[in-house]
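K.L.:
Quick one: the structure is below, questions incoming.
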Amino acid sequence: MCECAFCQIINRKSPAHIIYENGQLISFLDIEPINEGHAHFHVFPRYDSDGFGWTYGRKVKDVNEEIAERIRKKLENSL
């Protein structure tokens, strides 16, 4: 089993600010943002993969845009 930092987060062995997850993938914020207010996020498959088949035909760009839209809506609703 993988013990890298990302797998630790995916398996809930390390803390993270998770912003989106479903059965195939998980997305969380960077723990060291470039500056205050910076919202860099990572998207990873929930299981080890040697390619991008985990997107089930969706382009990575589409997944990132979906997550960015969810973040935007949450930010708007919090103001």
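K.L.:
Put a dot 7 Å past each Cα toward the Cβ at Glu76 and Phe6; how far apart are the dots in nm?
P.N.:
Placing both labels 7 Å beyond Cα along the Cβ direction yields 3.0 nm.
K.L.:
Report ³J(HN,Hα) in whole Hz for each residue of segment 29-39, in order, from the Karplus equation J = 6.51 cos²θ - 1.76 cosθ + 1.60 where θ = phi - 60°; Gly and Pro get x.
P.N.:
6, 5, 7, 10, x, 4, 8, 4, x, 6, 10
K.L.:
Further question: Can you list the HN-Hα couplings for segment 61-69, worked out from phi with the Karplus curve (6.51, -1.76, 1.60; θ = phi - 60°), rounded to whole Hz and with x for Gly and Pro?
P.N.:
The phi angles translate into 4, 5, 5, 4, 5, 4, 5, 4, 5 Hz.
K.L.:
Still on this model: Give me, ordered by chain and number, the residues 5 or more places off Leu25 or on other chains with an amide H under 5 Å from its own placed amide H.
P.N.:
Arg46
K.L.:
Calculate, in nm to one decimal, what Ala39 and Gln24 gain on full extension: separation in residues at 0.36 nm each, minus their alpha carbon distance.
P.N.:
Extra length from Ala39 to Gln24 when fully extended: 3.2 nm.
K.L.:
Along segment 17-22, what does the Karplus equation 6.51 cos²θ - 1.76 cosθ + 1.60 (θ = phi - 60°) give for ³J(HN,Hα), rounded to whole Hz, x for Gly and Pro?
P.N.:
8, 7, 10, 6, 7, 8
None of the figures in this text is laboratory data; all of them are computed from the coordinates on show. The shown structure was predicted, so the numbers you read here are calculated from the model rather than taken from an experiment. Because the Cβ atoms are built from the backbone with ideal geometry, glycine has one as well, and the counts that use them run over all protein chains shown.
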